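Below is one structure, written out as structure tokens; comments come after it.
Laboratory data are not the source of any read-out in this text; all were calculated from the coordinates shown. Only a predicted model underlies this, so the values are computations on that prediction, with no experimental measurement involved. So basically every Cβ, Gly included, is an ideal-geometry build from the backbone, and we count neighbours across all protein chains shown.
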Amino acid sequence: MTVVSVFHQRYKTTPQKAEKLEELNDWYTSAFPQLFEDNQVTVEDLKKITEWKMLYRPGLLKQLDRNSEEDVREVMMKLKKLLKEDEEDWEFVENVLNEVSRLKGVGPATASAIVSAVSGNFAFMSDEIAEQLLQKKNIKYTMDEYRQIWSKLKENKGERTIKECAEDLWREELRKKYEIGK
């Protein structure tokens, strides 16, 4: 059974979507590794990988599309107002993430990506950071897991912001994972 047939059965996709997945999957498993090896990866290739990745999560973009522009504007205005308090305690962090998570298709991980882009008191819940700080591979991307990550970053941040601490850890994990600089 191929990845494409499993995907098609699980998500009841249209034949066109299954065909698109097969095309992208073939490109991802054969052409992309060669492009990488030849140092020929382009922005368009990165977009193609993102398209491939999102085909495995078909509901996410559909959920995001269910938000109105007004809903997004309202949540972003509320976020801006909340961030003026700029507190560094868990209750504040949880309230901010819950506010952003009101949007359809936005959970703690996506909310953390949004908020960490505009505040130093938040960290993006990346796979690398989550796996390192939680010491497990099967991440659920829950608020409780984010709390554990955030608390550990806060504990070890020193003079840095939580965001800076997270970015340093993320870079270090990528260096280890891909043996960069060895």
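Pairs exceeding 19 Å between alpha-carbon atoms, taken from 136/157; 84/163; 137/177; 136/176; 136/177: 136/157.
Judged by the mean number of other Cβ atoms found within 10 Å, the most tightly packed of the peptides 153-163, 92-102, 136-146 leads the ranking 92-102, 153-163, 136-146. Each Lys and Arg adds +1 at its Cβ and each Asp and Glu adds -1 at its Cβ; summed about the Cα centre, the range 69-178 shows a dipole of about 340 debye. A straight chain from residue 70 to residue 83 at 0.36 nm per residue would run longer than the Cα-Cα distance by 2.7 nm.
Does the range 69-178 come out rounded, prolate or oblate, given a ≥ b ≥ c as the square roots of the eigenvalues of its C-alpha gyration tensor, rounded meaning a/c under 1.5 and, failing that, prolate meaning a/b above b/c? Prolate is the answer for the range 69-178, as a/c is 1.5 or above and a/b outweighs b/c.
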